Amino acid sequence: QLPSWLLAPASRHQRRRPFLSGDEDPKASTLRVVVFGSDRISGKVARAYSNLRQLENNRPLLTRFFKLQFFYVPVKRGHGASACPAPASQTPPLPTDSPKHPSPAELESTNDISHYLGMLDPWYERNVLGLMHLPPEVLCQQSLKAESQPLEGSSAQLPILADMLLYYCRFAARPVLLQVYQTELTFITGEKMTEIFIHSLELGHSAAMRAIKASGPGSKRLGIDGDREAVPLTLQIIYSKGAISGRSRWSNMEKMCTSVNLSKACRKQEELDSSMEALTLNLTEVVKRQNPKSKKGFNQISTSQIKVDKVQIIGSNCCPFAVCLDQDERKILQSVVRCEVSPCYKPEKSSLHTQPQWSPDLPSQAAPDLCSLLCLPIMTFSGALP
């Protein structure tokens, strides 16, 4: 059984942001896992952590002797392009009728989760997130701190990167819990599959473009310019907005969209003030399609955002679409006709109590006491206040 500081609180009548009680097992040894990467890598870690929890639930081996601690170091991804978003004060507001087309660097990967940790913990922002802004030649220089002493048996001091990583692993003692989500996918053949993601889920044109860019040098022959030239999809979208009272409000709509993207609501400071975890549903809707009978039509599109906690997306007349998880080119699933997204629960609880089936036609039910949310704990210096 995992130490209590790793366990997310049980979801009772309200689903709030998870926080930790701080109780630890002093007898367990500590196993530190240092992760380097972007949001794409955080998705891989979340899936591996979910699989580990399932294996340990059936036959605990690793967690019987070790207390797991995850340390996350952001790394830029792409061809020399920065994956860091500009500060909010330097980002001009986008008009509602002119959607923002993702650049090639943005389409590859982002570092939203590390910036989210930096907003929660200023020490993490200065000591860990700041490493991403330094050039490699600076990171390889020896540390000039007066209090930094060379290791025993070593004639030189550590480089700045190694020194800061050791500092992070030694003094970051408070975890921040990142909510893990699950999606149940139904394919055109009727087959069903459940997948895990932690940062984003892309559906439609944005997922197809990511698959095309990952196809190699011949991707230019397969690609199309953007959402304005994409073939729209008619989708039925059913979503739930969580409330502090614990009651969910369901909405049902049918939209003609090119892309539907779900992402963790963690990019703005005001999103941290919410008492509940949420996903941002980004819709790229086709308002009007010009030359629909020609080989290459032109879309007039608009974008909108909705905060949701659960969502169902169904292709009209079994219209298939592509799905990409956590910006990972190896997690692109084709020929999907139905996608259901909800928070992921711990596997050990699901064996004791079946997870409740949610439906927009039925009133929202409070989650049972035995079901607690599955969260990925990332170590920080100050943690997040409950």
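The numbers here are math on the coordinates, done by the rules we state, and not lab data. Keep in mind the model is a prediction, meaning the values are calculated, not measured. Cβ atoms come from the backbone with ideal geometry, glycine included; neighbour counts cover every protein chain shown.
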Note: segment 182-343, point scatterers on Cα, Debye, no solvent; log10 I/I(0) at q = 0.10, 0.13, 0.15, 0.16 Å⁻¹ equals -0.38, -0.64, -0.84, -0.95
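Calculate, for residue 330 and residue 184, the FRET efficiency according to 1/(1 + (r/R0)^6) with r their C-beta to C-beta distance and R0 25 Å; round to the nearest 0.05. The partial results should precede the final answer.
Working: r = 20 Å, r/R0 = 0.79.
Approximately 0.80, to the nearest 0.05.
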Between residue 251 and residue 270, the two model label points (7 Å from Cα along the beta-carbon direction) sit apart by a distance in nm of 1.6 nm
